[in-house]
Amino acid sequence: MAKPREATAMASSPSSLSPPEIPMELHEINRSKLIKYLREHLCHSSRPLQGFVLLQGGEEQNRYCTDHAELFRQESYFAYLFGVREPSFYGAIDVATGESILFAPRLSAEYAVWLGEIKPLSYFKERYMVSKVFYTDEIVKVLHDQYHSSEKPLLFLLHGLNTDSNNFSKPAEFEGIEKFEMDLNTLHPLLTECRVFKSDLELSLIQFANDISSEAHVQVMRKTRVGMKEYQLESTFLHHTYMYGGCRHCSYTCICATGENSSVLHYGHAAAPNDRIFQDGDMALLDMGAEYHFYGSDITCSFPVNGKFTSDQCLVYNAVLDAHNAVVSSMKPGVSWVDMHKKAEITILEALKKGGLLVGDVDDMMVERLGAVFMPHGLGHFLGLDTHDPGGFLKGAKRPGEPGLKALRTSRELQERMVITVEPGCYFIDALLVPAMESSNTSKFFVPEEINRFKGFGGVRIESDLRVTANGCVNMTKVPRETSEIEAVMAGGPWSIKNPIICSENGGKR
Ligand code: GLY
Ligand code: MN
Ligand code: MN
């Protein structure tokens, strides 16, 4: 007798995971943390403990002039405090009482015809675990009624620089805002700093995003065959994370680069849409991470598309893996990220020297910033609600200006509960290599006949997501990393994301 369809589908599931319950109290904890930071700050500057934090959530966008609505994703600061998945909300927190208030858009009767049930305010109160819910056209009245002073109510609005994009967050706007006092300076640095240190519940979501994405990367390795197109690897990843993890969004556009494309750092954009047919002998560099309930992952795996590393591929891959492992085993609170970046550079330069591509003293190479020729990007960045999570540079921090170091997204010392990517890479980029090989300062380090063998090689990146603990760090990413592990998995061998292989505490083992 044929098995029921459901049972057959379960038995053959390529995933050991299922999407976890969304812990809405996560956002309650985030709000309490912000109010604690804000009250401390106000006390410190002898200001009254009153006013409202007020944020405006994101708006749905249509494609250009059409009525095609792009899939909405909540603005990250708003998501941090309220966890609201719908567009067009506002959210407030009363600084005096800690009470949280959501303001929902008043939807037209037409909504119920085209978009489904119009939820009562009580639905949002229960779902998002807030104290009260009103309509957005009631903001002025509600906040005036709630204010414990005869003066104009004070609003703490979000305005500040994102140090990765150089864009400013947009403070809330609504009709009647002139009836309030406004503080545009206090909230952004405090809220950004809250986001830098992850709670246990936030870590559990980032871990799930890592688990499902790690599993998807393994699935991609297993399905990779010479002659496929890059986007088929992207598609395999997207299918796995959505089908088994319920991840509707990725943290960023997938980079599925093979052969020479793997040295194009931001490959995969509209003008380079992961569409090359890959060839026997190519390396693949796949940078893909899913997002679950706003929290993301950012993982890069590099491997030969035919499943077997050549000696040259081993040389470059192991240079990068050594750098990754050297950094991971040194990470703990108090360690400078700039020092970690330099450690990765030194490790890669030493490996390239050992492999015969470079000659001379590695310290001299570092003085000439040769590391940046092979790794022009920064070692890593904070990760959370955004792939490049904010808070990398504290106000007034000086950004390094040297090649390579100037691409760093943080120069901070590590602290417990930070989540940061470690993503060393080694790329053969003509636009950087050719001038460096011709420069009077750096030409002496190159062995041209060896380097030239790597023309068209592309590059290797290995990227994991690390959480900093009291004594070291834990690698949240669970993919095969050793060349032997990758070859075994690609040949059909087992891999379980349930058994983390890479875990370092106390700056000891990897
Ligand atoms: N995937 C984006 C990054 O690695 O920063
Ligand atoms: Mn990445
Ligand atoms: Mn990254």
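What full-extension length gain, to one decimal in nm, is calculated for His44 and Glu25 as 0.36 nm per residue of separation minus the Cα-Cα distance?
Between His44 and Glu25, full extension yields 4.0 nm more.
Jot down the radius of gyration and Dmax of the chain, Cα atoms only, both in angstrom.
In Å, with Rg to one decimal and Dmax whole: 25.0, 79.
Between Ser439 and His239, how high is the FRET efficiency from 1/(1 + (r/R0)^6) when r is the Cβ-Cβ distance and R₀ = 35 Å? Nearest 0.05.
The formula returns an efficiency of 0.15 here.
From the cross-link list Lys229/Lys478; Lys170/Lys198; Lys36/Lys198; Lys33/Lys198; Lys406/Lys455, which pairs have alpha carbons spaced over 18 Å apart?
Lys229/Lys478; Lys170/Lys198; Lys406/Lys455
Using 0.36 nm times the number of residues separating Lys342 and Val447, minus their current alpha carbon distance, what extension gain do you get?
Going from the current span to full extension adds 35.5 nm.
Could you do me a favour and compute the accessible area per residue for segment 1-125, 1.4 Å probe, result in Å²?
Per-residue accessible area for segment 1-125 comes out at 58 Å².
Could you tell me the relative contact order of segment 225-277? Use alpha-carbon pairs under 8 Å, at least six residues apart, and round to a whole percent.
Answer for segment 225-277 is 47 percent.
Leaving out same-chain residues fewer than 8 places away, which lysines sit with a Cα under 23 Å from that of Lys119?
In chain and number order, the partners are Lys132, Lys141.
Run the quick spin-label model on His249 and Asn167: label points 7 Å from Cα toward the beta carbon, then report their separation in nm to one decimal.
1.3 nm
Cβ neighbours within 10 Å, averaged per peptide: list 444-451, 388-395 in order, most packed at the top.
By packing density, highest mean first, the sequence is 388-395, 444-451.
Rg and Dmax of segment 328-378, Cα atoms, in Å?
Taking only Cα atoms of segment 328-378, I get Rg and Dmax of 11.6, 36 Å.
Quick one: helix 230-245 against the long Cα principal axis of the chain, what's the angle to the nearest 10°, folded into 0 to 90?
For helix 230-245, the angle is close to 40 degrees.
Kindly provide the Kirkwood hydrodynamic radius of segment 209-283 in Å, to one decimal, from all pairs of distinct alpha carbon atoms.
Final number for the Kirkwood radius of segment 209-283 is 12.7 Å.
Using the Karplus curve 6.51 cos²θ - 1.76 cosθ + 1.60 with θ = phi - 60°, what ³J(HN,Hα) values do you get for each residue of segment 65-75, in whole Hz, with x for Gly and Pro?
Along segment 65-75, the couplings run 8, 8, 9, 7, 7, 5, 4, 6, 10, 4, 5 Hz.
Could you please state, rounded to a whole Å, how far the C-alpha centre of segment 81-160 is from the C-alpha centre of segment 232-270?
Segment 81-160 and segment 232-270 have Cα centres separated by 36 Å.
Calculate I(q)/I(0) for segment 431-477 by the Debye formula, one identical point scatterer on each C-alpha and no solvent, and give its log10 at q = 0.15, 0.16, 0.20, 0.22 Å⁻¹ to two decimals.
One equal scatterer on each Cα of segment 431-477 leads to -0.61, -0.63, -0.70, -0.77.
Report, for segment 33-152, the % of DSSP beta bridges that are antiparallel, rounded to 5.
70 percent
Does anyone have the angle between helix 200-223 and the longest principal axis of the chain? Alpha-carbon axes, 0 to 90°, nearest 10?
Relative to the chain, helix 200-223 is tipped by roughly 40 degrees.
Suppose we keep just the alpha-carbon trace of segment 68-121; what are its Rg and Dmax in angstrom?
13.4, 42
Take the Cβ-Cβ distance between Ser131 and Ser108 as r, set R0 to 22 Å, and report the resulting FRET efficiency rounded to the nearest 0.05.
Efficiency at R0 = 22 Å is approximately 0.20.
How far is the Cα center of segment 376-396 from the Cα center of segment 433-475, in Å?
If you average the Cα positions of each part, the centres end up 21 Å apart.
Over segment 111-185, how many percent of alpha carbon pairs lie in each 5 Å bin up to the one with the longest distance?
Percent of pairs per bin, in order: 3, 12, 15, 16, 17, 15, 13, 7, 1.
So how many Å³ per residue does the convex hull of the Cα atoms of segment 383-459 work out to?
142 Å³
Accessible area of Lys406, 1.4 Å probe, to the nearest 10 Å²?
Its accessible surface works out to 120 Å², give or take rounding.
Semi-axes of the equivalent ellipsoid for segment 288-393, please: Cα gyration tensor eigenvalues, times 5, square-rooted, ordered largest first, whole Å.
27, 20, 11
Keeping every protein chain in place, order Asp164, Asp280, Asp275 by accessible area at 1.4 Å, biggest value first, i.e. largest first.
The ordering from most to least exposed comes out as Asp280, Asp275, Asp164.
At what distance in nm do the modelled label points of Asp183 and Arg85 sit from each other, each positioned 7 Å from its Cα along Cα→Cβ?
With each label point 7 Å from Cα toward Cβ, the separation is 3.4 nm.
Does anyone have the angle between helix 25-44 and the longest principal axis of the chain? Alpha-carbon axes, 0 to 90°, nearest 10?
80 degrees
Any idea what the relative contact order of the chain is, in percent, if you count C-alpha pairs under 8 Å spaced at least 6 apart?
Here the relative contact order equals 14 percent.
So how do Thr97, Thr236 rank on accessible area, 1.4 Å probe, biggest first, that is with the largest at the start?
If we order Thr97, Thr236 from most to least accessible, we get Thr97, Thr236.
Need the full-extension length gain, Ala491 to Ser311, defined as separation in residues times 0.36 nm minus the C-alpha distance. One decimal, nm.
Between Ala491 and Ser311, full extension yields an extra 63.0 nm.
Taking Rh as the Kirkwood radius computed over C-alpha pairs, what is the Stokes-Einstein D of segment 45-160 at 10 °C in a medium of viscosity 1.306 mPa s, expressed in µm² per second?
Estimated via Stokes-Einstein, D reaches 102 µm²/s.
Report the semi-axes of the equivalent ellipsoid for segment 380-510 in whole Å, largest first, where each axis is √(5λ) for an eigenvalue λ of the Cα gyration tensor.
Over the Cα atoms of segment 380-510, the ellipsoid semi-axes are 30, 26, 12 Å.
The values are calculated or read from the model by the stated rules, or taken from the named source; none is laboratory data. Just so it is clear, the model here is predicted, and its values are computed rather than measured. Neighbour counts run over all protein chains shown; Cβ positions are idealised from the backbone, glycine included. The accessibility values were calculated without ligands, DNA or RNA, using every heavy atom of the protein model including side chains. Shrake-Rupley method; radii C 1.70, N 1.55, O 1.52, S 1.80 Å.
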